[in-house]
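The structure under discussion appears below in the form of structure tokens.
The values are calculated or read from the model by the stated rules, or taken from the named source; none is laboratory data. Here the structure is a predicted model, which is why all the values come from computation and not from measurement. Counting neighbours? That spans all protein chains shown, and the Cβs are built from the backbone with ideal geometry, glycine included. Ligands, DNA and RNA are excluded from the accessible area calculation, which covers all protein heavy atoms including side chains. Shrake-Rupley method; radii C 1.70, N 1.55, O 1.52, S 1.80 Å.
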Amino acid sequence: MPAININFIGPWRVLLGARTVTVKVESIDEARNYVETNFGPVFEKKIKSMGVGKKQSIWDNSNILLNGKNIKLHEQITFKDGDKLDLLPKVAGG
Amino acid sequence: MNGYHGKILIADLTNGKLTDEPLNEKYARDFIGSTGLAARYLYDMVDEKTDPLGPDNPLILMPGLLNGTSGPSVSRWGGATKSPYTGHYGDANAGAWFGAELKNAGYDGIILKGKSSKPVYIYIKDGKAEIKDAGHLWGKDTYKTQEEIKKEYSDNRVQVACIGPASENLVPYGNIMSEYGHCLGRAGLGCVMGSKKVKAIAVRGKTKLPMADPEKFREASRKAMTEVKEGFLSMIMHQTGTAGWIDSAISYGDGPTNYYTAPTLPESSKISGAEQLEKYQTDSTACYGCPIRCRKILQIKEGKHLYDRVEGPEYETLMAWGALMGLDIDMSTAVYLNELCNAYGFDTISSGASAAYAFYLYNLGVISEKDTGGLKLTWGNIDAAIELAHQIGQNKGFGAVLAGGTKKMAQKYGRPSGEAVQTKGLEFPMHDPRAYHSMGIVYATAPRGADHNKNDAYQVDSGVVHPDLDVEVTDRWADDKAIGVVKGQNFRNLTDSLGICHFAIIPFNMLIDMINASTGWNTTMDELLKAGERTFQMQRALSCKLGITAKDDELPELAVRPIPNSGQEGHVPNMGKMLPEYYAIRDWDKLSGKPSKKCLESLDMPEIAVDLGAK
């Protein structure tokens, strides 16, 4: 199974308390599961501390770049060793 | 007249006369408030011959409809004038507290006319206004000016909108500053205020706003407040503010670097919102009525410039006075530059872009130390950038050249016009159309010139779209953007008129309830969006009246040169496809650029169709 780096960009880094994790996953679905399972509770705790009641998904609130290039969330992709997946919060403004 | 006080203040500075005039009810119903309503008043008052710095050019300041109410994030107010910078229609809007306090002071707007022979300021409290001497304030920076006026009234809740030395010195992109660092930033509204010798407008009051159904309004605004507070965008903006976008801008190639010629400077991450939150932030603060609290309070304990408590710079300033000049700056310098620009009181986008263009010309060998007064403008020279900020604020030396902006600089140095990255004379904000093709259409068609607030289509292309607005999110490099941009512009013109912040996503049903409960109207979302469209088309008509034509709706060549190996991946917007589609949807004439007679009439503006000679 390929090892890929998942990078939490900008605000995600602060909210989830991690900059990069290396994980062994083959597909986008597996990457999603990994992120939601391992960081979902961190995110939930953080947003509760901000007084927000609504449950939020990390993945659904992210734009994803694979090796710096845009991918669609529904795209079927098979990873290879060393791939870099950037999660950017789906926000913009300024 | 519910939702409004029903009066505006007319200040004739030439003879020192203040009068109250009834608010034009039809204009209010059709254009609602803030920049929309201000532009409609302006339409009747200026033409091609009006000298922007002459007594006949009015400066019109207006709160958004919901300013001063208990609605969420309803702080935005605006102004309009004939721009001394671009020579045609100019507007700007801002957050903070001035708009709400102006409404509390009992007015729906202020129109400054004429010219005072000596420096003055205007003080308004609870429906009464007076002109006061400002000789002791002239020459002071925007921070000192605000402090002194608050001190004069021993009231920290007096809200002051003022100019700094830049606008006194008639820097064409001088701005109007309020609540310390929050400005009507673009198009030179401050310069017009300076030409009238009005140093400041101070407002305070507790005048009750008439409302059709106050209880229903409270109920709707309570629900809307919860929605805004719990939104994902709100949460992220609360954490990292607008500077939080920097890291994404690096990934997407959205932050122009080395004057639009290089991939976004990765070192900009050092001044990002995430970095600010981790290392420098001690507190956050908010504009009027806003649960998001995206404004950062920083403490800078290391670097050349130290601050115990200072408001953090916004994204636009950090990039314009950073990567655009190739500056690898630390937080201390970024804050210092922001404070410098704010104290002088000038637009950080146009000034940063003009300084960056000078760096570009210097590095091409087009200009030298002979032109710059000895400054070596090699990419990344921070000391030179700081000196340029001083010179711009004082409108002297090489800074006086930069104060004219990039369009005039290209002319002065015999450069191709497509090298000056602006449209209609106004420089691009820090969102690159090669990263988001929709921004190409937005910049090309915005009435005042390149304007990222009408609309922030890069948000949509990043997946941030109002769930009730029928706009499809497509690939950021797709060329199917025209319809989405039209809808987004109409919506943004509406929210600006209402005074709602772009970061507050309020469900349409709650928005309608708030508006109807406030005004007593029986409006619908379709009608409100039509008001947004009407406002946009009227502002376009005003641009055309002041000399803009279809040929001005173009992107400069430098900003559409591909940059491979960047977050832009070498993409450039296909304007040849998108612009004609946009024109067809807007129903604009291909040569004159004017909205058609049919279009203006369908939006209930037959008088503008006649005045404009629309076909």
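Identify all residues within region B:76-133 that are aromatic (Phe, Trp, Tyr) and in a helix (DSSP H, G or I); write none if there are none.
Result: B:Phe98, single match.
Which of (1) within 11 Å of chain B (Cβ to nearest Cβ); (2) under 11 Å from the mean Cα position of the chain (by Cα); (3) open to solvent by 30 Å² or more (accessible area, probe 1.4 Å) does A:Gly51 not meet, given it meets every other one?
It fails just one condition, (2).
Mind checking which residues of region B:399-414 are open to solvent by less than 70 Å² (accessible area, probe 1.4 Å) and within 26 Å of the chain's Cα centre (by Cα)?
B:Gly399, B:Ala400, B:Val401, B:Leu402, B:Ala403, B:Gly404, B:Gly405, B:Thr406, B:Met409, B:Ala410
Starting from region B:164-193, take each residue that is among the acidic types (Asp, Glu) and list its partners that are part of a loop (DSSP other than H, G, I, E, B), counting only C-beta distances under 6 angstrom and pairs at least six apart or across chains.
So the pair list comes out as B:Glu179/B:Ala96; B:Glu179/B:Trp97.
Is it the case that B:Glu316 is open to solvent by 10 Å² or more (accessible area, probe 1.4 Å), closer than 18 Å to B:Gln281 by Cβ, acidic (Asp, Glu) and at pLDDT 95 or above?
No.
Can we say B:Ala200 is in contact with a helix residue (DSSP H, G or I) (Cβ under 8 Å, 6 or more places away or on another chain), away from chain A (no Cβ under 14 Å) and not in a loop (DSSP other than H, G, I, E, B)?
yes
Out of B:Arg218, B:Arg293, B:Arg309, I need the residue that is farther than 30 Å from B:Leu511 by Cβ, touching a Ser or Thr at 6+ places or on another chain (Cβ under 8 Å) and open to solvent by 50 Å² or more (accessible area, probe 1.4 Å). Which one?
On inspection, the qualifying residue turns out to be B:Arg309.
Which pairs turn up if I take residues in region A:39-68 that are farther than 28 Å from A:Lys80 by Cβ and look for partners that are open to solvent by 30 Å² or more (accessible area, probe 1.4 Å) and not hydroxyl-bearing (Ser, Thr, Tyr) with beta carbon separation below 6 Å, at least 6 apart in sequence or on another chain?
Every condition considered, the pairs that remain are A:Val52/B:Glu230; A:Lys54/B:Glu230.
Identify, by number, the condition in (1) over 20 Å from B:Tyr252 (Cα atoms); (2) open to solvent by 30 Å² or more (accessible area, probe 1.4 Å) that A:Lys90 doesn't meet.
Just one mismatch for A:Lys90, condition (1).
Pick from B:Gly484, B:Gly463: which is within 24 Å of B:His238 (Cβ to Cβ), open to solvent by 10 Å² or more (accessible area, probe 1.4 Å) and either in a loop (DSSP other than H, G, I, E, B) or away from chain A (no Cβ under 14 Å) (or both)?
B:Gly463
What is the residue count in region B:221-236 for residues that are open to solvent by less than 10 Å² (accessible area, probe 1.4 Å) and at pLDDT 95 or above?
Within region B:221-236, residues that are open to solvent by less than 10 Å² (accessible area, probe 1.4 Å) and at pLDDT 95 or above number 3.
Could you check, for region A:62-83, whether at least one of its residues is assigned to a loop (DSSP other than H, G, I, E, B), of a type outside the set (A, V, I, L, M), at the interface with chain B (Cβ under 7 Å from one of its Cβ atoms) and under 13 Å from the mean Cα position of the chain (by Cα)?
no
Enumerate the strands (runs of 3 or more DSSP E) found wholly within region B:268-382, keeping only those where 2 or more residues are in contact with a Phe, Trp or Tyr (Cβ under 7 Å, 6 or more places away or on another chain) and on the phi < 0 side of the Ramachandran plot. Explain how you work it out, then say what you get.
Values: elements: B:281-285, B:295-300, B:307-311.
Answer list for region B:268-382: B:295-300.
Quick check on this structure: which one of B:Ser518, B:Ser543, B:Ser566 is hydroxyl-bearing (Ser, Thr, Tyr) and at pLDDT below 95? Step through it out loud before you land on a result.
Working: B:Ser518 fails: at pLDDT below 95; B:Ser543 fails: at pLDDT below 95.
Exactly one residue qualifies, and that residue is B:Ser566.
From the list B:Leu170, B:Leu209, pick out the single residue that is in contact with a helix residue (DSSP H, G or I) (Cβ under 8 Å, 6 or more places away or on another chain), in a loop (DSSP other than H, G, I, E, B) and not assigned by TED's automatic domain parsing to the domain that holds B:Gly106.
Numbers: B:Leu170 fails: not assigned by TED's automatic domain parsing to the domain that holds B:Gly106.
None of the other options fit; the residue is B:Leu209.
Just a yes or no: is a residue in region B:174-193 assigned to a loop (DSSP other than H, G, I, E, B), modelled with pLDDT of 95 or more, more than 21 Å from B:Ala38 (Cβ to Cβ) and of a type in the set (D, E, K, R)?
Checked against the condition, which is being assigned to a loop (DSSP other than H, G, I, E, B), modelled with pLDDT of 95 or more, more than 21 Å from B:Ala38 (Cβ to Cβ) and of a type in the set (D, E, K, R), region B:174-193 yields no hits at all.
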